[in-house]
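K.L.:
Quick one: structure below, then a few questions.
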Amino acid sequence: MKAETREVTVSVNGRELTRRTEVRTLLSDFLRHELGFTGTHVGCEHGVCGACTVLVDGVPLRSCLTLAVQVDGSAVETVEGLAPEGELSRMQQAMRDEHGLQCGFCTPGILMSLLAAERDGVSCERACTDVLGGHICRCTGYQGIRAAIRLRWAELEHEAAAPHGEETPA
Amino acid sequence: MFPREGGRVKPAVFSYLDPRTLEEALGALADHGDDASVLAGGQSLVPLLNMRLARPEVVVDVNRVPGLDALRVDAGAVRVGALVRAAAVERDPAVAGALPVLAEAVRHIAHPQIRSRTTIGGNIAHADPSSELPAVLAAVDGAVVLRSAEEERTVGWEEFFVSVFTTAREPEELVTEVVFPVRPELEFRWVEFARHHGDFPVAGVCLGLSLADGAVRQARLAATGVGDRPLRLREVEAALTGSVLGPETAREAGELAGRAVDPPSDVHGSGDFRRAILATLVRRTIESWPGQAQRGRKGAAA
Ligand code: FES
Ligand code: FES
């Protein structure tokens with residue numbers, strides 16, 4: 001049987017891109033091999049490890065369990081979008097400050113899940129358990145990641161409490 | 001482990017249909033029948049495709065079919081359209097009010113990044129013998145609505161779940177709705193044991209009780225992970241009915257539940273292990289049920 005192809009148009013981190021791809025291409029492979037967004041990592045390729053997590057229309061999902069054709073017309077956010085100017089996002093900075101990564105393989109997926117959690121107003125407790133529970137990290141033992149989440153969530157609380165426009169401590 | 005072609009491709013070649021109406025979707029299933037797999041949330045199907053354990057000729061993606069994502073709650077039932085994501089049920093205030101055990105069980109399914117995609121209809125249609133929702137459906141005596149190009153039929157849970165990953169759904173049928181009746185007279189609990197939160201449980205129970213003056217007027221008990229499909233433990237229900245809740249009742253019900261099942265052994269645990277876990281879950285769930293007179297821990301009750 002000849003492999004069927006389709007044209008897929010997605011916006012990745014705000015940039016609209018179109019490619020013709022096989023209908024069986026996974027979103028993870030589409031991002032990595034066809035569009036060059038290699039920040040999205042693949043570990044298990046069957047939904048267990050969470051390394052491939054990206055946001056599609058704001059929703060965190062496993063890109064290894066999604067076909068590229070399914071996101072035609074959608075907005076995808078990947079780890080590359082977090083520091084477009086080369087300056088780390090606050091969550092990335094917190095991960096760095098608290099040694100939330102060692103090899104960094106799991107980090108892109110975790111950052112994307114946490115971005116969605118931050119936007120959804122998920123509590124610090126749930127971010128540390130439920131959300132982080134969807135990721136496997138073979139290096140850190142999770143303590144550093146949890147410390148980074150607590151640091152970032154404390155910042156968020158501070159920002160919410162501070163009157164508008166006031167400087168937040170670095 | 002994974003077949004690779006230049007490292008890029010996992011699933012075997014299939015042809016992809018993404019119907020835009022229900023009629024089109026049912027037409028595709030009528031045309032391709034057994035050769036087609038329905039893709040909804042994809043959280044069970046895509047791993048099977050990636051590992052090539054499933055090699056359908058045609059994938060019918062129903063995600064763009066309008067009208068399948070309705071979640072309706074009325075006095076009689078929670079009606080979950082085939083495309084309703086687990087995350088939507090988990091957050092829905094009407095579900096929390098009408099059938100809180102459903103939201104509670106959903107929270108035990110995998111992780112938020114999976115619940116954002118996985119569908120209730122897909123979970124039921126996949127019929128994993130360790131899955132939570134089939135047991136909830138069994139406990140509330142729910143049903144599944146199946147639709148083909150020809151007809152629509154509603155099948156009770158007991159007829160629907162046939163065996164491991166096997167249901168009464170015909171190849172040309174689509175699960176369009178899962179109906180969880182609301183039973184206000186009963187209070188339900190979901191309790192499970194998994195090695196890691198988000199894993200499929202070794203065993204899980206959905207217990208429903210209605211109490212009057214500390215005595216059980218009605219009991220419902222369904223279990224997952226201890227058979228080839230969700231099981232109602234009717235002998236335990238009968239034993240509980242009329243009894244007074246207490247440590248003795250809890251222990252006896254647990255033992256009876258353990259004896260009532262004959263779970264298979266697999267890599268996650270032997271049959272005896274699953275049986276023991278089930279007995280403990282039943283006992284503890286009853287022990288911690290609110291509204292029973294406090295008795296000394298060691299004292300025999302009733
Ligand atoms: S690569 Fe997708 S979950 Fe592991
Ligand atoms: S930092 Fe190495 S796997 Fe997480």
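K.L.:
Taking the conditions exactly as written (more than 13 Å from chain B (Cβ to nearest Cβ), of a type in the set (A, V, I, L, M), buried (at least 17 other Cβ atoms within 10 Å of the Cβ) and assigned to a strand (DSSP E or B)), does A:Val76 satisfy them or not?
P.N.:
So A:Val76 passes the test.
K.L.:
One residue is enough: does the stretch B:29-42 have a residue meeting the conditions away from chain A (no Cβ under 11 Å), of a type in the set (Val, Ile, Thr) and buried (at least 22 other Cβ atoms within 10 Å of the Cβ)?
P.N.:
There is at least one residue in the stretch B:29-42 that is away from chain A (no Cβ under 11 Å), of a type in the set (Val, Ile, Thr) and buried (at least 22 other Cβ atoms within 10 Å of the Cβ).
K.L.:
Name the strands (runs of 3 or more DSSP E) wholly inside the stretch A:1-59 in which the number of residues that are closer than 19 Å to B:Gln43 by Cβ and facing chain B (nearest Cβ under 10 Å) is 1 or more.
P.N.:
Values: elements: A:5-12, A:15-22, A:53-56.
Answer list for the stretch A:1-59: A:53-56.
K.L.:
While we're on this one: Does the stretch A:92-121 hold any residues that are away from every other protein chain (no Cβ under 14 Å) and either away from ligand 1 (no atom under 16 Å from the Cβ) or on the phi > 0 side of the Ramachandran plot (or both), and which are they?
P.N.:
Scanning the stretch A:92-121 gives A:Gln92, A:Gln93, A:Ala94, A:Met95, A:Arg96, A:Asp97, A:Glu98, A:His99, A:Gly100, A:Leu101, A:Gln102, A:Gly104.
Condition check ((1) more than 16 Å from ligand 2 (Cβ to nearest atom); (2) of a type outside the set (Asp, Glu); (3) under 13 Å from the mean Cα position of the chain (by Cα)) across all residues:
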| residue | (1), (2), (3) |
| --- | --- |
| A:Val56 | yes, yes, yes |
| A:Glu87 | yes, no, no |
| A:Ser113 | no, yes, yes |
| A:Glu118 | yes, no, yes |
| A:Tyr142 | no, yes, no |
| A:Arg152 | yes, yes, no |
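K.L.:
Same structure again: Is it fair to say A:Ala83 is at negative phi and either more than 16 Å from ligand 2 (Cβ to nearest atom) or part of a loop (DSSP other than H, G, I, E, B) (or both)?
P.N.:
Yes.
K.L.:
Another one. Among B:Arg117, B:Arg64, B:Arg72, which is more than 11 Å from chain A (Cβ to nearest Cβ) and farther than 18 Å from B:Trp190 by Cα?
P.N.:
B:Arg72
K.L.:
Taking the condition of being touching a strand residue (DSSP E or B) at 6+ places or on another chain (Cβ under 8 Å), outside any strand (DSSP E or B) and surrounded by 15 or more Cβ atoms within 10 Å (Cβ to Cβ), how many residues in the stretch B:159-193 meet it?
P.N.:
Summing the residues that are touching a strand residue (DSSP E or B) at 6+ places or on another chain (Cβ under 8 Å), outside any strand (DSSP E or B) and surrounded by 15 or more Cβ atoms within 10 Å (Cβ to Cβ) in the stretch B:159-193 gives 7.
K.L.:
Check the stretch A:90-98 and report whether any residue there is farther than 25 Å from A:Ser28 by Cα and part of a loop (DSSP other than H, G, I, E, B).
P.N.:
yes
Taken together, the values in this text are just the output of simple stated rules run on the coordinates, not laboratory data. Keep in mind it's a predicted model, so treat the numbers as computed, not measured. All Cβ positions, even for glycine, are placed from backbone atoms using ideal geometry, and neighbour counts span all protein chains on display.
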